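Novice: Next up is a structure, given as structure tokens.
The values are calculated or read from the model by the stated rules, or taken from the named source; none is laboratory data. What you are looking at is a predicted structure, and each value in this text was computed from that prediction instead of being measured. Here the Cβ is made from the backbone with ideal geometry for all residues, glycine too, and neighbour counts use every protein chain on show. Heavy atoms of the whole protein, side chains included, go into the accessibility calculation; ligands, DNA and RNA do not. Shrake-Rupley method; radii C 1.70, N 1.55, O 1.52, S 1.80 Å.
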Amino acid sequence: MKTIGIGFIGAGDIADLHAEAINGLPGAKLVGLWNRTFEKGVKKAEKFGCKTYTTVDDLLSDAEIDAVFILTNMETHCDYTIQVAKAGKHILVEKPAASNIAELEKMQEAITKANVKCMPVHNYIYETGIKRAKSMIESGKIGDVVQFYMMYNIHHADDIRARYPGVISQILTHHSYTMLYLAGQPKTISCLKHTVDPTLAPQENVAMANIQMQNGTLSHLCASFANDDHAGDPWTCIIKVIGTKGSTRYSYRDWVINDRNGAHSQTYQCYPESIKNTATHFINNVLRQDEEPLSSIEDAITCQRIIEACEKSVKEGIHVNFS
């Protein structure tokens, strides 16, 4: 089995989970990384057991690297994706895949021209429970889908909230691609947002969207950085699909470790597992077996259109037609 070499552009917190997946995967190797702050990159490379590069060009010129994980801030994803595609390397790009639709279209054009694979990190849909839900829906076991819910209530510390985008971009992006995977395409979108204590950060930390799908299904998406939910059967992060013959759910609360993990006060184990599942699927299925990813840049474009429709609904106080 040919070893697939991976390079990282960016070595922030999310790189730890991707590195763990690669280093535990037979037939894959984390060759090296580049990070904007070189000293931090050196420390991460020592931790991961890989090389460091002084420039992105040095990384891309390494023949041992077959694919590149773009793990930097959203505003840089477009330029790096185009650069990596021109170098003939396959690409996994963290979410949100880009800042706007124009950037995503440029990325799509570059990867099509270069004939390389590009998979956005739409990590929830690589979870076993979500794939099982997809199978139940497609087989008709739960009948016609009537309602889709995805709720997220995880308090984020003030310093983290201040540097993150608002929850519409940061969290409803996850909700959007999961909804596309399980419930289909939207028809109309209505959204509201709220900022609890704007003196800490101006961006919204609570948002809710009500959506009617093209097939008539109703969807409700909500996200909050302002609070945890500690009531019985908490809505920490929960997905529920209700059909005419049955229903299914997925919850962060089914796998919890009482240790802090990044922005979370506890380790909701399915989150790091979902990142590892995504990396594993990209390497084993997309690269090794030449399968299409479960979510594409075209899906990322649709997600961005949903986010922009949510922002338009909030700004203008209207129900937005989505076509």
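Novice: Does Ile307 qualify as being closer than 16 Å to Leu180 by Cα and either at pLDDT 95 or above or open to solvent by 70 Å² or more (accessible area, probe 1.4 Å) (or both)?
Specialist: Spelling it out, Ile307 is indeed closer than 16 Å to Leu180 by Cα and either at pLDDT 95 or above or open to solvent by 70 Å² or more (accessible area, probe 1.4 Å) (or both).
Novice: If you go through the stretch 280-305, how many residues are in contact (Cβ under 8 Å) with a residue 40 or more places away in the chain, assigned to a helix (DSSP H, G or I) and more than 19 Å from Glu105 (Cα to Cα)?
Specialist: Matching residues across the stretch 280-305 total 7.
Novice: Here's another thing I want to ask about it. Any idea how many residues of the stretch 5-15 are modelled with pLDDT of 95 or more and surrounded by fewer than 21 Cβ atoms within 10 Å (Cβ to Cβ)?
Specialist: Number of matching residues: 1.
Novice: Looking at (1) in contact with a Ser or Thr (Cβ under 7 Å, 6 or more places away or on another chain); (2) within 15 Å of Phe282 (Cα to Cα), which is the one condition that is false for Ala19?
Specialist: That leaves (1) as the condition not met.
Novice: Another question, if that's okay. Which one of these is in a loop (DSSP other than H, G, I, E, B), basic (Lys, Arg) and within 30 Å of Asn210 (Cβ to Cβ): Lys245, Lys312, Lys240?
Specialist: Unique residue meeting the criteria: Lys245.
Novice: Which residues, counting only those in the stretch 22-50, are open to solvent by less than 30 Å² (accessible area, probe 1.4 Å), farther than 18 Å from Leu287 by Cβ and either polar (S, T, N, Q) or part of a helix (DSSP H, G or I) (or both)?
Specialist: Asn35, Gly41, Lys44, Ala45, Phe48
Novice: Are there any pairs, at least 6 apart or on different chains, whose C-beta atoms fall under 8 Å, with the first in the stretch 5-16 and within 14 Å of Met74 (Cα to Cα) and outside any helix (DSSP H, G or I) and the second open to solvent by less than 10 Å² (accessible area, probe 1.4 Å) and β-branched (Val, Ile, Thr), and if so, which?
Specialist: These pairs meet every condition: Ile9/Val68; Ile9/Ile70; Ile9/Val84; Gly10/Ile70.
To keep it simple, each residue is scored yes or no on (1) within 25 Å of Gly24 (Cα to Cα); (2) buried (at least 20 other Cβ atoms within 10 Å of the Cβ).
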| site | (1), (2) |
| --- | --- |
| Asp58 | no, no |
| Cys78 | no, yes |
| Ala85 | no, yes |
| Val93 | yes, yes |
| Ser99 | no, no |
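Novice: Going through the stretch 221-273 one residue at a time, which ones are of a type outside the set (Lys, Arg), open to solvent by 30 Å² or more (accessible area, probe 1.4 Å) and within 19 Å of the chain's Cα centre (by Cα)?
Specialist: Passing the criteria: Asn261, Gly262, Gln269, Tyr271, Glu273.
Novice: May I ask you to list pairs of residues, at least six apart or on different chains, whose Cβ atoms are under 9 Å apart, with the first in the stretch 18-33 being touching a residue at least 40 places away in the same chain (Cβ under 8 Å) and on the phi > 0 side of the Ramachandran plot and the second being open to solvent by 10 Å² or more (accessible area, probe 1.4 Å) and part of a helix (DSSP H, G or I)?
Specialist: Partner pairs satisfying both residue conditions: Gly27/Asn284.
Novice: Residues that are in contact (Cβ under 8 Å) with a residue 12 or more places away in the chain and open to solvent by 10 Å² or more (accessible area, probe 1.4 Å): list the strands (runs of 3 or more DSSP E) wholly contained in the stretch 112-218 that include at least 2 such residues.
Specialist: Filter on the stretch 112-218 gives 145-153, 186-194, 206-213.
Novice: Taking the conditions exactly as written (touching a strand residue (DSSP E or B) at 6+ places or on another chain (Cβ under 6 Å) and open to solvent by 10 Å² or more (accessible area, probe 1.4 Å)), does Asp290 satisfy them or not?
Specialist: No; evaluated as a whole, the condition is false for this residue.
Novice: Next question. When residues of the stretch 293-304 are filtered for being charged (D, E, K, R) and buried (at least 18 other Cβ atoms within 10 Å of the Cβ), how many remain?
Specialist: Residues meeting the conditions: 1.
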